[in-house]
Amino acid sequence: MMNVFSQALALALDPFVLLVVVISAAFGMFVGAMPGLTATMAVALLVPVTFFMDPVPALAAIVTASSMAIFAGDIPGALLRMPGTPASAAYVGETFLMGQRGKVNLALGVTLVASALGGLVGVGALILAAPMLAEVALKFTSFEYFWLASLGLSCAVFISSANPLKGFISLLVGLALCTVGIDPTAGVPRFTFGNVDLMGGISFIPAMIGLFAISEILRGVMRLRAKTPPPLRQSGGIFTSVLPLLGRHKVNVLRGSALGTCIGALPGAGADIAAWIAYAVSKRFSRSPEKFGTGHVEGVVDASSANNSAVAGSWIPALVFGIPGDSLTAVVIGVLYMKGMNPGPMVFLNNPQLIYAVFMIFILANLVMLPLGWAAIRLARPILRVPKRTLLPVILVFCIVGAFAMTNSVFGVILMLALGLVGWIFEENEFPVAPIILGLVLGPMFEQTFLTSMIKSDGSFLAFFERPIAGVLGVATLLVWGIVLFRAAQRMLSGPRPAQAAPGREKADRTS
């Protein structure tokens, strides 16, 4: 065993591998910080380069770029309210409002350190418990995935700060958008109105850019004539105030990392779903849930820990059984086959030194994230001082490029602009847009697993509770909705309350 470990250490600390890690980290940081360019795109762009590399540097490039891209998506979210990657969308409102109050350093410092800690926890689970967690993940059938998607969709109730009913309506809009395209069971077009572009469904990335970025641009245009105060001076260092804060929220770091690892280990879940669920769980168990949506750091700690730990978690089924945990590891499996390292139990026997070298590179990547993330935050921060009349057109260009890059057609740009207008109208009327994104993320899984389960059970609803894991998840989901309905009934019986603005929106108006 020590001989394998020493061989793995020599492979991981090879000067060429270290150079690959640094270059890939800078590349992943850049791609992740560009709205619309996802971590999957960063990895996909690196694949042709890995053709000419040995297995360890090839996997090092993919591991490092994906980890960096997930964190870097937080930077435009905090500065401009435009998440760089889907994994940052869950808490973009919190980090942006923190930035508006002069706490950009704190917001991004928290996401940076929590991402690194979450990634290290995920790697620890990958090293110690990969076979066990992968075995649990294999027990998930369509019944378990249906309840997992249902539990995730229930997050819409928790992330809607002021009015759960408005959050539920936004969620229904997101789910309705998911029905556009080819029916997953019958294979026939739905709601396409004869448009070929709609047959592929509503693409998630242009929708996210539109709902967050374009709606923010429209709000900025509306405020151009108004006299806005200069941006607040950003106080505090990136690390100085973060470590004491994370010390107070160490339970959140551990909880978010554990959730992210477990959700990442489920095939088809991924970092974005992990972030949404971790944020909702954080609000559910918080001692001050009323502060969520006003620029509160607690949910940011949970969610940013979860999305990076999910990156490592997704490697568990990929390495142990050759089943991709998400789109990133689907690319990884292709690279493993290309390098003659067929994923599965035998890879730990035939090439243990290569696998342990990859584990060490995971640790190295999360440590390199700290200095490179610090540099990226320092370089990006001057954006706050750029006049809106100059900044808004530049942002619009980046949004158009991002939407076009994902669909390779003008239709993606039109979709982005249309949903941007919808997002602006929703937020002007105090309807949250985050549940729409949540519906788009989980809607396909929710529909497909429900239809598959109904076919398998011959239409019996009892089958959804017959398996142990499915039964636990089902009861948990029904309890969540039962509590929500019970509280709503209590409020109705106690009489109407005076209307008040959503906390997040009120704070945004005060600080804009």
Review point. Can you tell me which of L415, L421 is among the hydrophobic types (A, V, I, L, M, F, W, C) and open to solvent by 70 Å² or more (accessible area, probe 1.4 Å)?
Key: L421
Review point. Only one residue in V441, V401, V422 is part of a helix (DSSP H, G or I) and over 27 Å from A274 (Cβ atoms), so which one is that?
Key: V401
Point to revise | Residues located in region 29-40, provided they are at negative phi and outside any helix (DSSP H, G or I) | key: M34, P35, L37, T38
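Conditions (1) under 30 Å from N163 (Cα atoms); (2) among the polar types (S, T, N, Q), marked per residue:
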site: G412; (1), (2): no, no
site: L421; (1), (2): yes, no
site: I425; (1), (2): yes, no
site: L438; (1), (2): yes, no
site: T449; (1), (2): yes, yes
site: D458; (1), (2): no, no
site: F465; (1), (2): no, no
site: P468; (1), (2): no, no
Exercise for review: Test each condition in (1) at pLDDT 80 or above; (2) in contact with a Pro (Cβ under 8 Å, 6 or more places away or on another chain) for K339 and report the one that comes out false.
Suggested key: (1)
**Study point:** Only one of Q448, Q490 that is open to solvent by 80 Å² or more (accessible area, probe 1.4 Å), part of a helix (DSSP H, G or I) and within 12 Å of A149 (Cβ to Cβ)
**Key:** Q448
Practice item. Would you be able to say whether some residue in region 282-294 is within 30 Å of T449 (Cβ to Cβ), under 17 Å from the mean Cα position of the chain (by Cα) and open to solvent by less than 10 Å² (accessible area, probe 1.4 Å)? Key: yes
Review point. Considering region 12-53 alone, what residues qualify as being at pLDDT below 85 and open to solvent by 60 Å² or more (accessible area, probe 1.4 Å)?
Key: L45, P48, V49, F51, F52
Review point. Tally time: how many residues in region 452-487 are of a type in the set (S, T, Y) and part of a helix (DSSP H, G or I)?
Key: 3
**Study point:** Options F404, F348; residue that is under 24 Å from M208 (Cα atoms) and touching a helix residue (DSSP H, G or I) at 6+ places or on another chain (Cβ under 9 Å)
**Key:** F404
**Study point:** Scan of region 43-66 for residues that are of a type in the set (G, A, S), out of contact with any Ser or Thr (no Cβ under 6 Å at 6 or more places or on another chain) and more than 14 Å from A87 (Cα to Cα), ordered by number
**Key:** A44, A60
**Study point:** G293 within 17 Å of M98 (Cβ to Cβ) and out of contact with any His (no Cβ under 6 Å at 6 or more places or on another chain)
**Key:** yes
Review point. Residues of region 373-383 being within 24 Å of the chain's Cα centre (by Cα) and either open to solvent by 40 Å² or more (accessible area, probe 1.4 Å) or farther than 28 Å from V22 by Cα (or both), which ones?
Key: W374, R378, L379, R381, I383
Review point. Restricting attention to region 186-204, which residues are assigned to a strand (DSSP E or B) and closer than 19 Å to V441 by Cα?
Key: R190
Review point. What do you reckon, is L128 open to solvent by 10 Å² or more (accessible area, probe 1.4 Å) and either basic (K, R) or out of contact with any strand residue (DSSP E or B) (no Cβ under 6 Å at 6 or more places or on another chain) (or both)?
Key: yes
**Study point:** Only one of P48, P55 that is in contact with a helix residue (DSSP H, G or I) (Cβ under 7 Å, 6 or more places away or on another chain) and not hydrophobic (A, V, I, L, M, F, W, C)
**Key:** P55
Review point. Quick one: would you say N429 is open to solvent by 40 Å² or more (accessible area, probe 1.4 Å) and modelled with pLDDT under 80?
Key: no
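The values are calculated or read from the model by the stated rules, or taken from the named source; none is laboratory data. Nothing here was measured: the structure is a model prediction, and the numbers come from that model. Don't worry about glycine lacking a Cβ; one is built from the backbone with ideal geometry, like all the others, and counts go over all protein chains shown. Accessible surface is based on the protein model in full, side chains and every heavy atom, while ligands, DNA and RNA are left aside. Shrake-Rupley method; radii C 1.70, N 1.55, O 1.52, S 1.80 Å.
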